[in-house]
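Here's the structure we're looking at; comments come further down.
The values are calculated or read from the model by the stated rules, or taken from the named source; none is laboratory data. Predicted model, so just to flag it, every value in this text is computed and none were measured. Ideal geometry is used to build each Cβ from the backbone, glycine not excepted, and the neighbour counts take in all protein chains shown. For accessibility, only protein heavy atoms count, side chains too; no ligands or nucleic acids. Shrake-Rupley method; radii C 1.70, N 1.55, O 1.52, S 1.80 Å.
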Amino acid sequence: MYIKLNLVKKIKPLLFFLLLTPSIYWTTKFYLGDMGINPIDKIIREFGNFSLRLIIFTLFITPLAKIKALRSIEILRRMIGLFAFYYICLHFISYIFLDHFFNWNYILKDVYKRPFITFGFTSFILCIPLAATSNNKLIKRIGYKIWKKIHRLIYFIAPLAALHYYLLTKADKTEPLIYIILIVILLVFRIFYYLSKKDSLPR
Amino acid sequence: MIKILPSEITNRKDYMKRRNFIKGGLASMAMTLSSGALAFHNKDNLINKSTLDLNDKLNSYYEITNYNNYYEFGMGKSDPATNSGEFNPRPWSIKIEGLVHKPGTIDLEHILSNITIEDRIYRLRCVEGWSMVIPWQGFSLSKIIDIVQPYADANYIQFETVYRPDEMPGQKRLFNEFRGVLPWPYLEGLRMDEAMHPLTILSTGLYGHDLLNQNGAPIRLVVPWKYGFKSIKSIVTIRFVAKEPITTWSKVNPREYGFYSNVNPNVDHPRWSQATERRIGEFKRRETLMFNGYEDEVSDLYKNMDLIKYY
């Protein structure tokens, strides 16, 4: 049983709305004052947590698409990746605006003094070239090889983001540890795949 | 942006009005109901020693009782309110141990019927960077210390929280150590002069009600110039010792949590800044004050100490 490309194409818009919904839901709840007793903390965490999940989700697509039956899901990867970037931006903006209200002096100190913010911030910066080159026109212009190299940045982005979450957790690191383990497995898979193929690294 | 219902904010005037109402109305009611636990906080001998700065507004009862760090009941902020229903804080007694003339067990009811409950409105600053203003009821810890008469070499006091895994779901979870949850029972400590300081109280109520389980019922410490985790909850043992005692957080992570843990905007937590805080219910962060704003009262305790070294 193969998953037909047509079916995936039909699912795609559905997935689009599915991934968009949480941001609308949380923003609305925040606006209505229904985000709990410390709403700013809560919304920042929701955005951040969801973006990390989406990053891991995109990392799953490539190895799954190696299975012949699932090959067609590869066309979903870019959209999920861009949604990850969308939530990272929301996470970042809510940190800058809601948490610190553009207190740049304080934010800059935070970025260089706090390892967890340094990692998170670096991860965010590294995402920008990925998001910027996620359209067909640009891929054509810069060439597939360069595009591929740029997108290997995800191998830094994902661990940095997971480490960012791990380090800010005060107690009960179960959830960040699960993410770290998943990322390690997904990256190790790529190394083995590369060694077995003696080809270039899979994306 | 953040909507706060006007009803969620109780200003001081209304709170005091409410206090008087409770004092007048409920006290007589409680008396007729014989030994209602509520009675302890509604006696006529309430003395108001509280001060509240102009820019400090009381947090609502809802906020104070639904946003808690009390890992014995779970690690989410709303977990203590949700998971503490099984906990039974009465009857309660406190063991007095160590270097004292009068060791033994004190019944909480006995303490309460012999002591004057006072109102103390304090700022509470959590090490995580948020704060509240809470109207506690309680009494100075020094009153207990005076009764049990510590030896001259009792330089420190260690406090211990109750260990009841059957009633405290956070204490019975599997793989607690792996998950980085705390070792139980929870331990805290103070130097004797800190413990004797008039601002240091044992609290048994807030907003005129007995403490709810999520706030550390039936009796907890409140040390307003230190980070919140120093204010240990549901105390069962008070131990007088000669040397600086073990405290849970500094044992688990000595680099991040010191024995003193005084609120200090100039000494950052290794992972986050302590320069500012978010008052629960407010949008913009505010500057954190030295000793949480109690500098005039407590700075003498630390006048020859390097507060960077002894964080």
Interchain or long-range residues, amide H under 5 Å from B:V181's placed H: A:D172
Between 0 and 90°, nearest 10: helix A:104-113 axis offset from chain A longest Cα axis: 60
Dipole in debye (nearest 20) - region B:157-311, about Cα centre, beta carbon charges: Lys, Arg +1; Asp, Glu -1: 520
Accessible surface buried once B binds A (1.4 Å probe; total of both sides; Å²): 2500
Members of region A:105-121 that become less accessible by 40 Å² or more once partner protein chains are added (1.4 angstrom probe, chain alone as reference): A:Y106, A:R114
Which listed pairs, of A:K4/A:K140; A:K42/A:K109; B:K226/B:K251; A:K68/A:K197; A:K9/A:K29, have C-alpha distances above 20 Å, in listed order: A:K4/A:K140; A:K42/A:K109; A:K9/A:K29
Rounded to 10°, Cα long-axis angle of helix A:5-31 versus longest principal axis of chain A: 0
Scattering profile of region B:242-311 at q = 0.17, 0.26, 0.27 Å⁻¹ [log10 I(q)/I(0), Debye over alpha-carbon scatterers]: -0.73, -1.24, -1.27
Accessible area of the protein assembly as shown divided out per residue, in Å², using a probe of 1.4 angstrom: 49
Net charge dipole size for region B:224-275 [Lys, Arg +1 and Asp, Glu -1 on Cβ; Debye, nearest 20]: 180
Buried on assembly, region A:152-167 (at least 10 Å² less accessible surface than by itself, 1.4 Å probe): A:L167
Above-threshold pairs, the threshold being 25 Å between Cα atoms, out of B:K143/B:K230; B:K77/B:K243; A:K170/B:K172: B:K77/B:K243
Vicinal HN-Hα couplings computed from phi for region B:66-82 (Karplus, 6.51 cos²θ - 1.76 cosθ + 1.60; Hz; Gly/Pro x): 10, 10, 10, 9, 8, 4, 4, 10, x, 9, x, 5, 9, 4, x, 5, 6
Virtual spin-label span in nm between A:R71 and B:Y151, 7 Å along Cα→Cβ: 8.2
Sulfur and carbon atoms: percent of accessible area, chain A [1.4 Å]: 70
Estimated 222 nm signal from helices in chain A, with DSSP H stretches of n ≥ 4 weighted -39500 (n - 2.57), rounded to 500: -25500 deg cm²/dmol
Label point distance in nm, B:E109-B:V252, each placed 7 Å from Cα along Cα→Cβ: 3.5
Derived scalar couplings ³J(HN,Hα) [region A:190-196; Karplus, 6.51 cos²θ - 1.76 cosθ + 1.60; whole Hz; x for Gly, Pro]: 5, 5, 5, 4, 4, 5, 6
Residues A:K10 and A:K42, FRET efficiency given R0 of 25 Å [Cβ-Cβ distance, rounded to 0.05]: 0.10
Distance (nanometres) between label positions extended 7 Å along Cα→Cβ at A:I185 and B:H101: 6.6
Shape category assigned to region A:5-200 from the gyration tensor of Cα positions, a/c cut at 1.5: prolate
Semi-axes of the equivalent ellipsoid for the protein assembly as shown, Cα gyration tensor, largest first, Å: 51, 24, 22
Helix A:154-168 vs. chain A, principal-axis angle (Cα, 0 to 90°, nearest 10): 30
The protein assembly as shown, dipole about Cα centre (Lys/Arg Cβ +1, Asp/Glu Cβ -1), debye to the nearest 20: 3700
